[in-house]
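Please read the structure below before turning to the comments.
A short reminder: the numbers here are calculations on the coordinates, not readings from a lab. Computed from a prediction, not measured in an experiment: that's the story for all the values here. Positions of Cβ are backbone-derived with ideal geometry, glycine not excepted, and every protein chain shown enters the neighbour counts.
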Amino acid sequence: MRTKNLLNISVLLFFTALTAAIPFMSNAIFAVFNGLIYGPVIGFLMNLTANVLGNFVFVKILEMIDLKENDTKLKKHFASLKNVIDAVENQELGIMIGYMIPVIPTILINYHVAKIKLPWRRWFFYVTVGVAPSSLLYALGGDAVVAGNIKRIIVLFVVFVSITLLGSYFKRKKKK
């Protein structure tokens, strides 16, 4: 029999945070798994904590790198990717939206946060608000699979597609 103990929660939390910290790697598998095993409430809290922690670690790593020295190299790598932060007039809102939309690589947002040296209290609020919707979607999705709730799965799918389309809209808006 499998048990839901602190060690299991810690391991899942670690892997969810690790995959959130690695650029271009999705933590969706672990996030859905969290909701699947621990239910929507604990799964959501695990996903939220892991996403904030993973992004925190990555921003700290970026801050250790001399961004000015590597700025031209990084800009070349990011040339093909458009930053949602510039697509909206309010920079803080852009940071939150950047964390919120799954199709926008968080490496862009974390790079921007590290580059502008955003105060940690403000960053913590922005990242928490930004990752909360996807953290909830994944936890609810995992729970819906276990419960066999087809209506909830369809609603979550429609919400996920809507968020993805919103991200595509911002990308197109930025290109113009």
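If a spin label sat at a point 7 angstrom from the Cα of R152 along the line to its beta carbon, the backbone N atoms of the stretch 15-37 nearer than 17 Å would be those of 31-37.
Listed peptides 135-142, 93-100 appear in the order 135-142, 93-100 once ranked by packing, highest mean of other Cβ atoms within 10 Å at the front. Sorting the segments 10-22, 48-60, 144-156 by their mean number of nearby beta carbons within 10 angstrom, highest to lowest, gives 48-60, 10-22, 144-156.
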